[in-house]
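Here is the structure we will look at.
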Amino acid sequence: MKKSIKYSITAVVVILIGLAAYFSFFHNSQKEAGNKTVTVGIINGSKKDDELYESVAKTAKDKYGIHVVYKKFTDYSQPNKALTEHEVDLNSFQHVAFLDAWNKAHHTDIVPIGKTIIGQGRIYSQQVKNVKDIKPGSTITIPNDPTNESRGLYILQSAGLIKLAPNKSLATVKDITSNPKNLNIKEVDASQTARSLPDVAASYVNGNFAANAGLDPNKAIYVEPVNKVSAKWINVIAANKADKNNKLYKEYVNAYQTQTTKDLNKKLYGKTQITAWDIKLK
């Protein structure tokens, strides 16, 4: 009797293991077979952002039969974590510099599989209409995450407000070598840069946060130039390294990198962000 029970339990365990293996295989292979669904992590942005992403989803559906599901996140710390934990298949929110810094800090292996856009950084102000009019001793806010802090500092340098030590891939306020107006460069959370404008002379505000705050890009007091230095600021579609050659994911990239996307991007954003998969940086 005891042996019978023992054999029965063993048989059940074997069956459960077999079922688990089957469903695991089924889950991993279904994207390569009939279920052509791709889940993409994005940052919760503006209605314009939604319109552009939905256009890409339509192209993916019409041309490749892919059903695209967008999962929205509220801050920059979430989409890469979700990708690593396989809550999403791809994400589309970050530039190359941010991705490199994330991989180093979190020991992850996330890779870019396609370029999307580059948004020109902008300095905004409620006090002056030109960066040259910023008074000595004024406070300027920039994001406090490493990559966007660095970008903010390089924008301030290109605007002629400060100088940085050369050959810094990621600059910090400690790398400021010249500050002729003795400006107070204050680091704040990226989401607070726009909110700080009533209290400071100027602020470098990231594109998403500027849009969400209703800032008019045409009223920025300085616009970042696009040149060879800009390569690390190009936004990308990213995947886990193990999935970099996934056919389905490459088809999503192809669905993004179309003339339709380029035309719609120009219609929605004008010169505030440009498509980047075929630009030549000088």
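Does the stretch 48-60 contain any residue that is touching a helix residue (DSSP H, G or I) at 6+ places or on another chain (Cβ under 9 Å), assigned by TED's automatic domain parsing to the domain that holds Ile162 and not in a loop (DSSP other than H, G, I, E, B)?
No; the residues of the stretch 48-60 include none that is touching a helix residue (DSSP H, G or I) at 6+ places or on another chain (Cβ under 9 Å), assigned by TED's automatic domain parsing to the domain that holds Ile162 and not in a loop (DSSP other than H, G, I, E, B).
Which one of the conditions (1) at pLDDT 95 or above; (2) touching a helix residue (DSSP H, G or I) at 6+ places or on another chain (Cβ under 8 Å) does Ala231 fail to meet, given that it meets all the rest?
Among (1) at pLDDT 95 or above; (2) touching a helix residue (DSSP H, G or I) at 6+ places or on another chain (Cβ under 8 Å), the lone unmet condition for Ala231 is (1).
Please go through the stretch 261-282 and pick out each residue that is surrounded by 14 or more Cβ atoms within 10 Å (Cβ to Cβ) and either basic (Lys, Arg) or under 18 Å from the mean Cα position of the chain (by Cα) (or both).
Thr261, Lys262, Asn265, Tyr269, Thr272, Gln273, Ile274, Thr275, Ala276, Trp277
In the stretch 105-117, how many residues are more than 25 Å from Asp263 (Cβ to Cβ) and either modelled with pLDDT under 95 or among the hydrophobic types (A, V, I, L, M, F, W, C) (or both)?
Of the residues in the stretch 105-117, 3 are more than 25 Å from Asp263 (Cβ to Cβ) and either modelled with pLDDT under 95 or among the hydrophobic types (A, V, I, L, M, F, W, C) (or both).
Can you tell me which residue within the stretch 106-132, out of those that are outside any loop (DSSP other than H, G, I, E, B) and without any contact (Cβ under 8 Å) to a residue 40 or more places away in the chain, is surrounded by the fewest Cβ atoms within 10 Å (Cβ to Cβ)?
Within the stretch 106-132, the first condition is being outside any loop (DSSP other than H, G, I, E, B), and the residues that meet it are 106, 110-115, 117-119, 122-124, 131-132.
Still in the running and without any contact (Cβ under 8 Å) to a residue 40 or more places away in the chain: 106, 132.
On the way: His106: 13, Lys132: 11.
Taking the candidates together, the pick is Lys132.
Could you say whether any residue in the stretch 212-224 is touching a His at 6+ places or on another chain (Cβ under 8 Å), assigned to a helix (DSSP H, G or I) and basic (Lys, Arg)?
no
Out of Ala242, Ala231, Ala213, Ala202, report the one residue that is of a type in the set (Gly, Ala, Ser) and surrounded by 21 or more Cβ atoms within 10 Å (Cβ to Cβ).
Only one candidate qualifies: Ala202.
Scan the stretch 191-211 for residues that are part of a helix (DSSP H, G or I) and of a type outside the set (Asp, Glu) and report the count.
The number of residues fulfilling the criteria is 9.
Identify, from the list Ile279, Ile274, Ile234, the residue that is within 25 Å of Thr74 (Cβ to Cβ) and among the β-branched types (Val, Ile, Thr).
Ile234
How many residues, within the stretch 201-224, are in contact with a Ser or Thr (Cβ under 6 Å, 6 or more places away or on another chain) and of a type in the set (Ser, Thr, Tyr)?
1
Table: residues versus (1) outside the structural domain of Asp62 (by TED's automatic domain parsing); (2) within 19 Å of the chain's Cα centre (by Cα).
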residue	(1), (2)
Leu170	yes, yes
Asn184	yes, no
Asp199	yes, no
Ala210	yes, yes
Lys241	no, yes
Gln259	no, no
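The values are calculated or read from the model by the stated rules, or taken from the named source; none is laboratory data. It should be emphasised that the depicted structure is a prediction, and the values quoted were computed from it without experimental measurement. Cβ: placed from backbone, ideal geometry, glycine included. Neighbour counts: every protein chain shown.
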